[in-house]
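One structure is given here, and the rest of the page talks about it.
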Amino acid sequence: NVPEDQADKLLLSSWGLPKAVVEKYHSLGVVQMFEWQAECLMLGQVLEGKNLVYSAPTSAGKTLVAELLILKRVLETRKKALLILPFVSVAKEKKSYLQ
């Protein structure tokens with residue numbers, strides 16, 4: 001569980017993302033994360049590029065965790081990232097979404 005003193009970590013706006021990115025998520029109805037998503041991002045040195053393995057049911061929000069990790073790393077390190085998706089339709093959706 002997310003400690004009470006870190007409850008603001010549930011809000012997307014508290015993760016240091018550019019305003020335009022946060023606004024885009026907000027326009028899609030994503031204002032905050034589930035506790036388990038914030039917990040994933042706060043584990044160990046995940047935000048510094050260490051590995052993260054997590055499992056959740058279909059449509060639980062796994063992709064949001066991956067997107068936030070990728071966005072933060074790309075913006076902070078100015079390096080490229082590779083996002084592998086299982087279906088062409090999902091890849092096309094994410095391409096449009098992330099642009």
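Within region 47-61, the residues that satisfy the criterion of being of a type outside the set (Ser, Thr, Tyr) and part of a loop (DSSP other than H, G, I, E, B) are Gly49, Lys50, Asn51, Leu52, Val53, Ala56, Pro57, Ala60, Gly61. Across region 3-25, the qualifying residues are those that are open to solvent by 40 Å² or more (accessible area, probe 1.4 Å) and assigned to a loop (DSSP other than H, G, I, E, B), and the one among them that is nearest to Val65 (Cα to Cα) is Gly16. Against the criterion of being among the charged types (D, E, K, R) and either part of a helix (DSSP H, G or I) or surrounded by 12 or more Cβ atoms within 10 Å (Cβ to Cβ) (or both), Lys72 qualifies.
The values are calculated or read from the model by the stated rules, or taken from the named source; none is laboratory data. If you're wondering where the values come from, they're calculated on a predicted model, not measured in any experiment. All Cβ positions, glycine included, derive from the backbone under ideal geometry; neighbour counts span all protein chains shown. These accessible areas exclude ligands, DNA and RNA; they are computed on the full protein's heavy atoms, side chains included. Shrake-Rupley method; radii C 1.70, N 1.55, O 1.52, S 1.80 Å.
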